[in-house]
1. Take the conditions surrounded by fewer than 16 Cβ atoms within 10 Å (Cβ to Cβ) and in contact (Cβ under 8 Å) with a residue 24 or more places away in the chain and apply them to Asp142. Does it pass?
2. Restricting attention to region 79-113, report how many residues are within 26 Å of Arg173 (Cα to Cα), out of contact with any Asp or Glu (no Cβ under 7 Å at 6 or more places or on another chain) and not in a loop (DSSP other than H, G, I, E, B).
3. Scan Val49, Val22 and give me the residue that is free of Cβ contacts under 8 Å to residues at least 40 places away in the same chain, in a helix (DSSP H, G or I), within 16 Å of the ligand (Cβ to nearest atom) and outside the structural domain of Leu117 (by TED's automatic domain parsing).
4. With (1) near the ligand (Cβ under 8 Å from one of its atoms); (2) at positive phi as the list, and Tyr134 as the residue in question, which single condition is left unmet?
5. Output the residues belonging to region 138-157 that are at pLDDT 95 or above and over 13 Å from the mean Cα position of the chain (by Cα).
6. Taking region 158-178, which residues are open to solvent by 80 Å² or more (accessible area, probe 1.4 Å), at pLDDT below 95 and touching a Ser or Thr at 6+ places or on another chain (Cβ under 9 Å)?
7. For region 38-45, indicate whether the set of residues that are open to solvent by 90 Å² or more (accessible area, probe 1.4 Å), modelled with pLDDT of 95 or more and of a type in the set (A, V, I, L, M, F, W, C) is non-empty.
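The values are calculated or read from the model by the stated rules, or taken from the named source; none is laboratory data. Note that this is a predicted model, so its numbers are computed, not measured. We place every Cβ from the backbone using ideal geometry, glycine too, and count neighbours over all the protein chains shown. What goes into the accessible areas is simple: the full protein's heavy atoms, side chains included, and nothing from ligands, DNA or RNA. Shrake-Rupley method; radii C 1.70, N 1.55, O 1.52, S 1.80 Å.
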Amino acid sequence: MKGIIFTEFLELVEQKFGFDMVDDIIEMADLPTGGEYTAVGSYDHQEIVSLVMALSEKSGLTPSQLQKVYGNHLFSRFPVLYPELFEKSADDALGFLEGVETYVHVEVRKLYPEAELPTFDTHRPKPDELVMIYSSKRHFSDLAEGLIEGCINHFGDEFRIERDELEDGAKTRFHLKK
Ligand code: HEM
């Protein structure tokens with residue numbers, strides 16, 4: 001997993017809980033890298049899982065809540081980190097989300113050929129609804145939900161997200177409606 005996902009996570013932990021918490025969870029998680037990440041490096045995605053588990057233990061929030069909060073925050077950072085991706089993509093939440101598979105992550109793959117990306121199947125049952133099926137053997141559907149929420153907030157839209165597990169974490173259906 002790309003280092004940017006780790007560096008942004010640790011920055012959020014520092015902002016919300018302070019620098020000592022960053023130190024504590026790195027120690028608790030007992031990581032092969034020792035928590036030294038650069039934005040352009042690549043690291044085992046299991047390390048972010050260990051960091052989230054450690055933060056969950058220390059904060060009392062569930063790993064699923066933490067992944068969602070992080071996803072929401074991460075999306076708010078994307079316009080700053082990757083402004084060019086917002087220039088050519090849709091200017092509403094459903095259009096942007098529809099383009100994650102066919103445009104956004106395609107561009108991400110050009111920037112980082114070694115990126116480990118999920119797949120999304122999308123369709124529009126109605127003009128103001130979107131069904132988005134997340135698949136990944138890395139089981140980051142809570143992170144995906146947080147990113148979807150962050151995207152909705154970014155565009156100032158209001159959608160409810162209905163969620164169904166299709167394959168025990170590896171496949172999740174998100175249905176966005178007003
Ligand atoms: C400008 C918008 C976006 C950018 C720049 C972006 C970029 C990235 C990057 C760099 C990674 C890490 C790849 C790796 O670890 O090697 C990633 C992974 C991921 N992205 Fe995106 N992404 C964007 C939008 C979204 C949205 C809107 C969603 C949700 C609908 C999403 C879902 C995910 C998930 C869940 C992962 C984790 C990997 C996995 O589940 O297998 N991304 N993305």
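1. Judged against the criteria, Asp142 is not a match.
2. Going through region 79-113 one residue at a time, the tally reaches 18.
3. One residue alone meets the criteria, Val49.
4. (2)
5. Ile152, Asn153, His154, Phe155, Gly156
6. Glu167
7. No, there is no match, as no residue in region 38-45 is open to solvent by 90 Å² or more (accessible area, probe 1.4 Å), modelled with pLDDT of 95 or more and of a type in the set (A, V, I, L, M, F, W, C).
Residues checked against (1) of a type in the set (Phe, Trp, Tyr); (2) open to solvent by 40 Å² or more (accessible area, probe 1.4 Å); (3) in contact with a helix residue (DSSP H, G or I) (Cβ under 7 Å, 6 or more places away or on another chain); (4) touching a residue at least 60 places away in the same chain (Cβ under 8 Å):
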{"residue": "Ala29", "(1), (2), (3), (4)": "no, no, yes, no"}
{"residue": "Asp121", "(1), (2), (3), (4)": "no, yes, no, no"}
{"residue": "Pro125", "(1), (2), (3), (4)": "no, yes, no, no"}
{"residue": "Asp128", "(1), (2), (3), (4)": "no, yes, no, no"}
{"residue": "Tyr134", "(1), (2), (3), (4)": "yes, no, yes, no"}
